[in-house]
Ligand code: GLC
């Protein structure tokens, strides 16, 4: 492993800046707030942070609609604050990744404002406009947020494509001048000292021909990893390579089989956030996710990138409800087991803010508590389909990504220590008992467990560049070995309701080994009970 591949033995932490820490009393998290919490991240032991967008934005999609790529949203601070953040992080050996949102801009971005003026405007071709009379859209494509992916513009007699909200018009990657401006913008940030990017919605930058209809069974395939994307990814890679930065792509539509081409030696990026394992509900709308299906996806990605390629490992992010809720168990020992089930697989693990203290879904009681553009649209949709308000509220509340965006719970003080003003989003009422300050005091807490897990992960390259051997077991029981020339470890995480029965050969191999971490006191290799797990180092 070259030192340029530092991320193979590292741990990442995702910060949702709006909800991490408010420093200036406006109820909104900000960059100086992040700076004030860096010691917490050092203590936790993470190596790099990925911060969701802080660029100037009208905030229709909380920063994923950028109106100025090289300016900071005033609520979050200034460019000088960002420079200070990068310097402070580097001083503490923490690397910094920003979100790179280049599939679309905000409709208030000057390029789009110009584009709307006339068909001859040079910026018009920066976006995807199609002649249209406004009676029916150019095709039947739907946006990820619901309804048609086209918005009609009467003064142009054209419609433009937006695969997210209509305030997020898609950029036309076929336009060379547009691409050149994007690459220039990336250099601006890299020259400022960023260590990498999380590439938002990157597999969507190429679209199919407008004549290809959407099919209901595979709704997004016309803008997911469509042929022709290779050229743009290659150009992006040239910029990344020049600076040797870390790149993590949100790349839905890139299959596990294809992933090694993207993330292996000579691939476009270093790792992929696959979205396939994200489940919000289980079979037949059941509230608890389908564990065997979840595990199948994760194991398939492990197997398909066994030698070539690299995984980004995560159980939570800003687009999903809280794991403690959707796995149906917020008991700390179960959450420790959940941590064990993914953290030491082959790849780079990420923790999403609040996951390490076991934050749960918000108990929604009225629609005004939703913030997300998607949640509001889904709510209206359920009402239109005939649900009463309470039923619609429950359905959306359960799966909404707003759940993961409630303020970070630092302490049992007012507003969980996030702000001394009214928080932009309600704090989860369980903050009085579930918070960083109390878990820091408790050696048996989930937070303390994460600290040990991170330190263990970083103590041996077996967990990074070592090989992985997945051991077939009961679905929902994660059992695997991590091995390199110096050490062998067995990881067992039992998320099921049955005891784990390990193959005799494995028991023989590890019986005399040392339990280096376990989720509870009575850990025993011959009987890993439901909702528990352990790690044994071979003797
Ligand atoms: C990604 C982001 C999501 C955002 C979308 C549009 O999926 O994770 O939060 O809404 O892109 O930029």
(request) From 69, 64, grab the single residue that is within 27 Å of residue 316 (Cα to Cα), assigned by TED's automatic domain parsing to the domain that holds residue 11, within 15 Å of the ligand (Cβ to nearest atom) and touching a helix residue (DSSP H, G or I) at 6+ places or on another chain (Cβ under 9 Å). (result) 69
(request) Search the range 135-154 for residues being out of contact with any strand residue (DSSP E or B) (no Cβ under 8 Å at 6 or more places or on another chain) and without any contact (Cβ under 8 Å) to a residue 24 or more places away in the chain, and hand back the single one that is surrounded by the fewest Cβ atoms within 10 Å (Cβ to Cβ). (result) 135
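Yes or no, residue by residue, for (1) touching a helix residue (DSSP H, G or I) at 6+ places or on another chain (Cβ under 6 Å); (2) buried (at least 21 other Cβ atoms within 10 Å of the Cβ); (3) free of Cβ contacts under 8 Å to residues at least 60 places away in the same chain:
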| residue | (1), (2), (3) |
| --- | --- |
| 191 | no, no, yes |
| 195 | no, yes, no |
| 203 | no, yes, yes |
| 207 | yes, yes, no |
| 213 | no, no, no |
| 216 | no, no, yes |
| 220 | no, no, no |
| 237 | no, no, yes |
(message) Please list, ordered by residue number, the strands (runs of 3 or more DSSP E) wholly in the range 17-134 having 1 or more residues that are closer than 30 Å to residue 422 by Cα and in contact with a strand residue (DSSP E or B) (Cβ under 8 Å, 6 or more places away or on another chain).
(response) 48-51, 68-72, 95-101
(request) Only residues that are surrounded by fewer than 21 Cβ atoms within 10 Å (Cβ to Cβ) and under 15 Å from residue 300 (Cα atoms): list them for the range 255-272, please. (result) 255, 256, 257, 258, 260
(message) Tell me the residue from 299, 342 that is under 22 Å from residue 51 (Cα atoms), surrounded by fewer than 23 Cβ atoms within 10 Å (Cβ to Cβ) and away from the ligand (no atom under 16 Å from the Cβ), please.
(response) 342
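Of all residues in the range 152-184, how many are assigned to a helix (DSSP H, G or I) and either modelled with pLDDT under 95 or within 16 Å of the ligand (Cβ to nearest atom) (or both)?
Within the range 152-184, residues that are assigned to a helix (DSSP H, G or I) and either modelled with pLDDT under 95 or within 16 Å of the ligand (Cβ to nearest atom) (or both) number 1.
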(message) I'd like to know if the range 142-150 contains one or more residues that are more than 16 Å from the ligand (Cβ to nearest atom) and either in the same structural domain as residue 65 (by TED's automatic domain parsing) or modelled with pLDDT of 95 or more (or both).
(response) yes
(message) Need a quick list: helices (runs of 4 or more DSSP H) entirely within the range 432-539 having at least 2 residues that are surrounded by 18 or more Cβ atoms within 10 Å (Cβ to Cβ), under 28 Å from the mean Cα position of the chain (by Cα) and touching a residue at least 12 places away in the same chain (Cβ under 8 Å).
(response) 436-440, 446-459
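Within the range 49-65, is even one residue at positive phi, in contact (Cβ under 8 Å) with a residue 40 or more places away in the chain and over 19 Å from the mean Cα position of the chain (by Cα)? Outline the logic, then answer.
Start the filter on the range 49-65 by keeping residues that are at positive phi, which leaves 59, 62-63.
Narrowing further to those that are in contact (Cβ under 8 Å) with a residue 40 or more places away in the chain: 62-63.
Adding the requirement that they be over 19 Å from the mean Cα position of the chain (by Cα) leaves none.
No: the range 49-65 contains no residue that is at positive phi, in contact (Cβ under 8 Å) with a residue 40 or more places away in the chain and over 19 Å from the mean Cα position of the chain (by Cα).
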(request) Output yes when any residue across the range 185-203 is within 16 Å of the ligand (Cβ to nearest atom) and more than 21 Å from residue 233 (Cβ to Cβ), and no when none is. (result) no
(message) Condition first: in a loop (DSSP other than H, G, I, E, B) and surrounded by fewer than 22 Cβ atoms within 10 Å (Cβ to Cβ). Now tell me which residues in the range 319-337 satisfy that.
(response) 319, 320, 327, 328, 329, 330, 331
(request) Go over the candidates 248, 288 one by one and state the one that is more than 16 Å from the ligand (Cβ to nearest atom) and assigned by TED's automatic domain parsing to the domain that holds residue 306. (result) 288
(request) Check the range 377-391 and report whether any residue there is free of Cβ contacts under 8 Å to residues at least 60 places away in the same chain, closer than 30 Å to residue 270 by Cα and either within 25 Å of the chain's Cα centre (by Cα) or within 16 Å of the ligand (Cβ to nearest atom) (or both). (result) no
(request) Would you mind telling me which numbered condition in (1) under 22 Å from residue 11 (Cα atoms); (2) not in a helix (DSSP H, G or I) residue 260 fails? (result) (2)
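The values are calculated or read from the model by the stated rules, or taken from the named source; none is laboratory data. Computed from a predicted structure; not experimentally measured. Every residue, glycine as well, gets a Cβ built from its backbone with ideal geometry; the counts of neighbours run over all protein chains shown.
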